[in-house]
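Below is one structure; the comments refer to it alone.
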Amino acid sequence: MRLDLEGKAVLVTGAASGIGLACARAFLAEGARVGVLDRSPVPGFFAVRADVTDEAEVAAAVDAVAREFGGLDVVVGCAGISGPVGAPLAEVTAADFAALLAVNVTGQFLVVKHAAPRLTAAQGSVVLLASDSAFTSAPGMVPYCASKGAVVALTRALSVELPGVRVNCVCPSVVDTPMARADLGAVLDEPAFPVQAAEDVACQVLYLTSARSRTVDGQALLADFGVSARSGFPA
Ligand SMILES: NC(=O)c1ccc[n+]([C@@H]2O[C@H](COP(=O)([O-])OP(=O)(O)OC[C@H]3O[C@@H](n4cnc5c(N)ncnc54)[C@H](O)[C@@H]3O)[C@@H](O)[C@H]2O)c1
């Protein structure tokens, strides 16, 4: 399948690591022009240091990438944090909860808000990183699950808000990245535990940004090896 992403102007957030880095490399391999936004440096790309929770920094970073490429066709929102993971509810403070939502939800909102005029001009597309945690949970994941459920709703609302711009999100199960390693450690290496690679997610993202998915808008692509499809029925 030809994705026809050659020459597209792409902005990837959170591209210093994990899924964002895999997406940035995959777009580059397709011949796209890739600008990245992260709070950490990203060697090898047109990179702007910014914190997605800071509106002025986001606005300046989006503007810098759009000026470098003469517009913006695609935005991929990967910047995110997971913590506090594993903390019992009684120990999760309002400040912890707000800090997580600030990055995972407000950060995605701000990037799309400031990219919207250019995306509208280009009739472009957006893919946001949600998670299977929007639909399933494990103990100690209340803030993260709430944030990812919000990203699914944000995706649907943005797809309505921005005519001509397709907005979708991907909802992967556990992906082997520094974030997951820090939270789950050696569990990732257990053969019975289904783990995907950042490159698997990049394939989902590239498809959703390409014209091959032109009829897909406002959707959440749940990629979890089919785990969530299984009934609790004892069979
Ligand atoms: N790893 C998983 O199992 C998994 C599963 C489903 C969804 N996700 C989601 O995928 C996205 C990427 O996760 P990952 O596993 O690659 O994590 P990661 O920690 O490897 O990478 C996250 C990147 O986001 C950047 N970032 C974090 N906060 C930022 C901020 N305030 N401003 C700018 N940049 C910031 C980091 O510097 C880093 O480069 C996240 O939204 C995460 O919630 C991850």
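The values are calculated or read from the model by the stated rules, or taken from the named source; none is laboratory data. Not measured: the values here are computed from a predicted model. Here Cβ is always computed from backbone atoms with ideal geometry, including for glycine, and neighbour counts include all displayed protein chains. For accessibility, only protein heavy atoms count, side chains too; no ligands or nucleic acids. Shrake-Rupley method; radii C 1.70, N 1.55, O 1.52, S 1.80 Å.
When the residues of segment 150-174 are filtered to those that are small (Gly, Ala, Ser) and crowded, with 18+ Cβ neighbours inside 10 Å, the one that is nearest to the ligand (Cβ to nearest atom) is Ser173.
Which one of these is assigned to a loop (DSSP other than H, G, I, E, B), of a type in the set (A, V, I, L, M, F, W, C) and over 22 Å from Asn168 (Cβ atoms): Val85, Val48, Val52? Write out each step before concluding.
Values: Val48 fails: assigned to a loop (DSSP other than H, G, I, E, B); Val52 fails: over 22 Å from Asn168 (Cβ atoms).
Every option except Val85 fails the conditions.
Scanning segment 174-187 for residues that are in contact with a helix residue (DSSP H, G or I) (Cβ under 8 Å, 6 or more places away or on another chain) and modelled with pLDDT under 95 yields a total of 0. For beta carbons closer than 7 Å, sequence separation of 6+ or different chains, a first residue in segment 137-164 that is among the basic types (Lys, Arg) and a second that is outside any helix (DSSP H, G or I) and surrounded by 17 or more Cβ atoms within 10 Å (Cβ to Cβ), the qualifying pairs are Lys148/Ala130; Lys148/Ser131.
Return a yes/no flag: does segment 96-105 have any residue that is within 11 Å of the ligand (Cβ to nearest atom), within 21 Å of Ala9 (Cβ to Cβ) and of a type in the set (S, T, N, Q). Walk me through how you get there before you give the answer.
Just the residues of segment 96-105 that are within 11 Å of the ligand (Cβ to nearest atom), to begin with: 99-100, 102-105.
With the extra rule that they be within 21 Å of Ala9 (Cβ to Cβ), the set shrinks to none.
No, the conditions are met nowhere in segment 96-105.
If you go through segment 49-58 and keep only what is open to solvent by 30 Å² or more (accessible area, probe 1.4 Å) and either within 10 Å of the ligand (Cβ to nearest atom) or under 18 Å from Val74 (Cα atoms) (or both), you end up with Arg49, Asp51, Thr53, Asp54, Glu57.
Of the residues making up segment 5-19, those that are touching a Leu at 6+ places or on another chain (Cβ under 8 Å) and either more than 13 Å from Ala122 (Cα to Cα) or part of a loop (DSSP other than H, G, I, E, B) (or both) number 7.
Taking the residues in segment 175-194 that are open to solvent by 40 Å² or more (accessible area, probe 1.4 Å) and not in a helix (DSSP H, G or I) as candidates, determine which candidate is nearest to the ligand (Cβ to nearest atom). Filtering segment 175-194 for residues that are open to solvent by 40 Å² or more (accessible area, probe 1.4 Å) and not in a helix (DSSP H, G or I), the one nearest to the ligand (Cβ to nearest atom) comes out as Asp176. How many residues are part of a helix (DSSP H, G or I) and either within 13 Å of the ligand (Cβ to nearest atom) or within 14 Å of Glu161 (Cα to Cα) (or both) if we restrict to segment 106-126? Final tally of qualifying residues: 14.
Here Ser133 meets the list (1) under 23 Å from Ala50 (Cβ atoms); (2) touching a Phe, Trp or Tyr at 6+ places or on another chain (Cβ under 6 Å) almost entirely, failing just condition (1).
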